[in-house]
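Chemist: Got a structure for you, questions after.
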Amino acid sequence: IILKVKSSTKEVSHYDTRIQNSHILEMKLTKVAMLICTGFLIAWIPYAVVSVWSAFGRPDSVPIQFSVVPTLLAK
């Protein structure tokens with residue numbers, strides 16, 4: 001996504017100088033969106049793994065220590 005934003009801005013910046021100012025804003029917004037997506041995945045992937053482990057395995061095979069931390073991250 002970041003590479004596509006950079007390349008499209010470079011192509012259009014030859015036609016208008018205002019594009020260069022909006023390019024900085026677009027890059028910041030793109031980075032914030034990527035950080036939000038990364039944070040979401042970091043918080044929910046451990047919870048999903050533990051949930052699938054307990055759903056398809058024996059529920060008592062999941063140690064309590066391994067189920068508390070992903071639950072707190074997801075909250």
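Chemist: What FRET efficiency would be calculated for the residue pair Ser22, Ala74, taking the C-beta separation as r and a Förster radius of 35 Å, to the nearest 0.05?
Modeler: Efficiency at R0 = 35 Å is approximately 0.45.
Chemist: With each pseudo-label sitting 7 Å past Cα toward Cβ, what's the Ile45-Leu29 distance in nm, one decimal?
Modeler: Calculated label separation equals 2.7 nm.
Chemist: Sticking with this structure for a sec: Mind giving me the nanometre distance, one decimal, between the label points for Thr38 and Ser61, set 7 Å out from Cα along Cα→Cβ?
Modeler: If labels sit at Thr38 and Ser61, their model points lie 3.4 nm apart.
All of the numbers you see were taken from the coordinates with simple rules; none came from a lab. Owing to the predicted nature of the structure, the values given are computational and were not obtained by experimental measurement. No Cβ is skipped: glycine too gets one built from the backbone with ideal geometry, and neighbour counts run over all protein chains shown.
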